[in-house]
Amino acid sequence: MTNEEKPKQKMGFTIIKNDPTDGHKGFGIGALSLENVSPVIIDIEEGIAKVEIGAMHARSDTERGIKFTTNREDSEGGKPYWLVWVTIDHKVDGPYYAGVTACEMVVNREKRRGFKILADHVNRMDKSMKRQILVDFMDERSKNILSDFLQSHNREMWARSDEKLHNDLNAK
C-alpha cells in the first residue's frame, strides 16, 4: 500500500477558550484552558524573542521540518534556543506575568535534527500554568533578551509581576 492510498491520520488537540463549563454540560468538561499561556522562543544567537503560537503543538516555525531526539549529539553544531512558557493572570490592579518557565532546545537546520526533551517542555508548560517562575538557570544573555522582551511587550504587566521574576532575570 502506498502513501497515496492511505491518508496520514492526524491527532487533533483542542484548545478550549474561556470557562469550559460555562453555559453547557457537554464537550470540554474538566479540560484545561490554555487561553492565557503563550510560547516565546528566544533565538540566543540573533538576540531576539518572539511569540510563536505554533509551539503550543511543537509546530512553530523554529521547530518545523526538524526531527527532535533526546540525544544532544544528533543536533551537534546546531543553534541554541529557549522555549519560554509565559502565563498571564490578573490581579486587582491588572494583568501580570504570573508564570514564566524556560526549556532548552537546539536546532540544526543543516542536519534537520534537533534536541529537546518533550516531557520537560510539557512539565514546564504545566509549571507556568501553576504560576511558577523557572528562569534562573538560563544564561545571562538569554535572561536579558527575555527581560527586555517582557518589559517592551507590556511595562505595566512587568511592573505588576512577582519580584522573583525580576530577580531571577537580574532585571534592573
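The values are calculated or read from the model by the stated rules, or taken from the named source; none is laboratory data. From a predicted model like this one, the values you see are computed outputs, not experimental measurements. Cβ coordinates were reconstructed from backbone atoms using ideal geometry, including for glycine residues, and neighbour counts include every protein chain displayed. Each accessible area value is taken on the protein alone, full model and side chains, heavy atoms only, with ligands, DNA and RNA left out. Shrake-Rupley method; radii C 1.70, N 1.55, O 1.52, S 1.80 Å.
Assorted remarks:
- Single residue of segment 89-110 satisfying the filter (of a type in the set (A, V, I, L, M) and closer than 19 Å to Ser60 by Cβ) that is most open to solvent (accessible area, probe 1.4 Å): Val106
- Criterion applied to Ser152, Ser147 was being surrounded by 16 or more Cβ atoms within 10 Å (Cβ to Cβ) and assigned to a helix (DSSP H, G or I), and the one residue passing it is Ser147.
- Qualifying residue in segment 84-106 (condition: free of Cβ contacts under 8 Å to residues at least 60 places away in the same chain, farther than 27 Å from Glu163 by Cα and not β-branched (Val, Ile, Thr)): no
- Scanning segment 50-83 for residues that are outside any loop (DSSP other than H, G, I, E, B), modelled with pLDDT of 95 or more, open to solvent by 70 Å² or more (accessible area, probe 1.4 Å) and of a type in the set (Val, Ile, Thr) yields nothing.
- Exactly one residue out of Leu165, Leu169, Leu134, Leu118 is of a type in the set (A, V, I, L, M, F, W, C), at pLDDT 95 or above and open to solvent by 10 Å² or more (accessible area, probe 1.4 Å): that is Leu134.
- Within segment 160-172, the set of residues being of a type outside the set (Asp, Glu) and touching a residue at least 60 places away in the same chain (Cβ under 8 Å) comprises Arg160, Ser161, Leu165.
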